[in-house]
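First up is the structure itself, then whatever we jot down about it.
The values are calculated or read from the model by the stated rules, or taken from the named source; none is laboratory data. Values in this document were obtained by computation on a predicted structure and should not be read as measured data. All Cβ positions, even for glycine, are placed from backbone atoms using ideal geometry, and neighbour counts span all protein chains on display.
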Amino acid sequence: MRHVGDGERRARLGVRQALAPGFRAGSAEEATRAVTVLHATEPPTVYLSCHARVDGLTRADVDDALYTARSLVKQLAMRRTLFVFPRDLLPSAWPSASARAAATERARMAKDVVLTGITTDGDAWLDRARAEVLAVLDGLPGGLPAQEIRKAVPFIDVKVEGAELWSASRVLTHLGLTADLVRGTNTGGWHVSRPRWTPMRDWLGAMPPWPGAADGYREIVRRWLRSFGPGTEADLVWWLGSTKAVVRAALAEIGAVQVSLDGGGTGWLLPDDVDEVPDPGPWAALLPVLDPTIMGWQGRDFYLGPHKQLIFDTRGNAGTTAWANGRVVGVWTQDPAGVVELRLVEAVSTEERAMLDAEAARLTDWLGGFRVNSLYKSPAMKTAPV
């Protein structure tokens with residue numbers, strides 16, 4: 001069994017995820033493929049994740065990919081999390097990770113509307129709610145904002161006390177999970193989410209055929225291994241939000257190869273990806289909250305070291321991160337003028353500090369004074385700049 005040590009894993013991270021300067025992507029689409037999918041829980045993350053991986057990228061370039069070319073599409077999927085998918089990967093998500101999340105969401109919502117006295121038949125209520133929303137949007141290829149949908153379908157515009165937010169938002173969420181609707185054109189700025197909910201068939205045109213659930217999972221696992229491998233079975237189970245049985249079947253079907261890892265664990269690589277990657281050379285990166293790289297594995301010691309409590313909040317959400325040669329060495333924030341500041345959690349070399357400062361200057365220039373706010377502020381983000 002080939003051994004892949006932590007140093008090689010960090011080299012793979014810089015190369016495969018387009019973070020080392022010599023291996024950066026050429027577009028927002030390429031940057032997304034480099035990490036399989038982008039986290040989109042907070043709208044700025046999509047733009048900042050792409051900026052970190054693409055030299056010369058503008059916000060207009062990302063807007064074009066999302067809303068004009070539609071080569072990148074927002075979709076709720078793994079762990080009921082909002083991601084940006086390459087368009088060709090969507091059919092694999094719909095019957096697998098998205099369908100799993102949709103089933104869970106349906107059961108919870110059907111239970112909640114009964115418990116709160118809205119109805120005595122939660123499934124029937126949700127079926128009617130979905131049908132009425134789709135009827136309103138039928139023939140409206142531009143879609144409607146959520147507020148206008150609530151007005152047009154008063155049936156769903158009720159607050160679920162003691163449960164999760166408004167029933168209207170959860171109906172739209174479920175329709176997104178089942179690929180009936182998509183978060184279409186954003187009516188706000190790049191840093192906010194104010195989508196016009198749009199029928200998926202109108203957004204993408206002719207809908208591609210869906211594979212079976214097992215085939216969908218297999219393709220997602222294959223792409224994840226290309227981006228994140230070697231990864232463990234536990235990494236994949238966590239990242240997919242699925243089961244060991246699903247992961248084991250996918251690994252077997254793609255012929256994944258076992259490798260040993262530092263610490264005695266077993267990882268997996270694609271059968272055509274067992275050779276060492278080229279040395280990426282020195283590199284540094286400043287990544288946004290919930291970036292795919294910091295969130296890509298469950299076992300994070302090889303790049304995070306002892307810093308978990310400083311980099312993640314109490315719910316397991318990563319804040320911003322500063323990377324030097326494949327290691328998390330700190331975080332970044334902004335001062336009142338929008339200048340990016342480093343807050344390091346370990347000592348770095350003179351060369352590493354110079355690279356980090358250069359990335360901070362690059363990001364400061366790209367943001368142009370705009371201050372990015374986030375709900376996910378790690379303990380390290382609240383300390384004094386270093």
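Which ones in segment 61-76 are closer than 16 Å to GLY188 by Cα and in a helix (DSSP H, G or I)?
Restricting attention to segment 61-76, the residues satisfying the condition of being closer than 16 Å to GLY188 by Cα are 62-64, 66-68, 74.
Passing the criteria: VAL62, ASP63, ASP64, LEU66, TYR67, THR68.
Could you tell me whether LEU175 is surrounded by fewer than 18 Cβ atoms within 10 Å (Cβ to Cβ) and within 24 Å of the chain's Cα centre (by Cα)?
Judged against the criteria, LEU175 is not a match.
Could you check, for segment 206-226, whether at least one of its residues is at pLDDT 95 or above, at positive phi and surrounded by fewer than 16 Cβ atoms within 10 Å (Cβ to Cβ)?
no
Rundown of residues vs (1) within 28 Å of LEU225 (Cβ to Cβ); (2) touching a residue at least 24 places away in the same chain (Cβ under 8 Å); (3) not acidic (Asp, Glu); (4) not in a helix (DSSP H, G or I), yes/no style:
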residue	(1), (2), (3), (4)
VAL289	yes, yes, yes, yes
THR293	yes, yes, yes, no
PRO306	yes, no, yes, yes
GLY316	yes, no, yes, yes
GLU341	no, yes, no, yes
ALA347	no, no, yes, yes
ASP365	no, no, no, no
ARG371	no, yes, yes, yes
LEU375	no, yes, yes, yes
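Check TRP283 against each of (1) surrounded by 20 or more Cβ atoms within 10 Å (Cβ to Cβ); (2) within 30 Å of ALA97 (Cβ to Cβ) and name the one condition it does not meet.
(2)
Please indicate, with yes or no, whether at least one residue in segment 344-360 is of a type outside the set (A, V, I, L, M) and at positive phi.
Residues of segment 344-360 of a type outside the set (A, V, I, L, M): 346, 349-353, 357, 359.
Filter again for at positive phi, leaving none.
No, every residue in segment 344-360 fails to be of a type outside the set (A, V, I, L, M) and at positive phi.
Of the residues ALA124, ALA110, which is free of Cβ contacts under 8 Å to residues at least 60 places away in the same chain and touching a Leu at 6+ places or on another chain (Cβ under 6 Å)?
Sole residue among the options that is free of Cβ contacts under 8 Å to residues at least 60 places away in the same chain and touching a Leu at 6+ places or on another chain (Cβ under 6 Å): ALA110.
What about ALA163, is it assigned to a loop (DSSP other than H, G, I, E, B), farther than 30 Å from TRP366 by Cα and at pLDDT below 95?
For ALA163, the condition - assigned to a loop (DSSP other than H, G, I, E, B), farther than 30 Å from TRP366 by Cα and at pLDDT below 95 - is met.
Of everything in segment 23-62 that's of a type in the set (Ser, Thr, Tyr) and either farther than 18 Å from GLY296 by Cα or surrounded by 20 or more Cβ atoms within 10 Å (Cβ to Cβ) (or both), which residue is farthest from the chain's Cα centre (by Cα)?
THR58
Can you tell me which residue is farthest from ARG9 (Cα to Cα) among those in segment 233-265 that are touching a residue at least 40 places away in the same chain (Cβ under 8 Å) and hydroxyl-bearing (Ser, Thr, Tyr)?
SER242
Got a number for residues in segment 283-317 being among the hydroxyl-bearing types (Ser, Thr, Tyr) and under 21 Å from ARG353 (Cα atoms)? Before you say what the answer is, go through the steps one by one.
Filtering segment 283-317 for residues among the hydroxyl-bearing types (Ser, Thr, Tyr) gives 293, 303, 314.
After this cut, where a residue has to be under 21 Å from ARG353 (Cα atoms) as well, the list is 293, 303.
Total satisfying the criteria: 2.
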